[in-house]
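Report on the following structure.
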Ligand SMILES: [Zn+2]
């Protein structure tokens with residue numbers, strides 16, 4: 001894959017709406033932490049990944065590091081977050097289209113070629129074409 005690959009906003013929103021099940025535990029923790037940061041920005045102006053984890057106390061207790069049988073590595077999560085949300089999402093997309101492309105169905109309109117809302121949609125949200 002081209003190093004300069006960048007998913008368009010359309011692809012980003014399609015994958016975030018339909019394929020977050022392809023996030024690893026660390027990616028999910030990073031994503032949760034980013035959204036928590038956004039919600040708290042008004043009264044807690046910090047971008048520190050460490051501080052953003054404070055409300056998730058379970059991540060700080062060693063016996064809670066394993067969640068659903070998988071270990072969350074805080075350093076790995078911080079590394080995922082270090083360049084900000086947009087970079088995190090672009091890197092996630094690069095990873096899944098490289099490693100898990102067989103699990104992704106890019107459902108495109110057969111008339112205009114743009115992405116539908118979901119993998120099973122049979123109507124285009126852009127041109128309105130319906131192929132039920
Ligand atoms: Zn269309």
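Quick note: the coordinates plus some simple rules give every number you see, no bench work behind them. Not measured: the values here are computed from a predicted model. Here the Cβ positions follow ideal geometry from the backbone for every residue, glycine too, while neighbour counts run over all protein chains shown.
So how far apart, in nm, are the two label points at residue 82 and residue 20 if each is 7 Å from Cα heading toward Cβ?
Roughly 2.6 nm, to one decimal.
How much length, in nm to one decimal, is gained on full extension between residue 13 and residue 106, taken as 0.36 nm per residue of separation minus their Cα-Cα distance?
Roughly 32.3 nm would be gained on extension.
How many nm separate the modelled label positions at residue 94 and residue 125, each set 7 Å beyond the Cα in the direction of the Cβ?
2.7 nm
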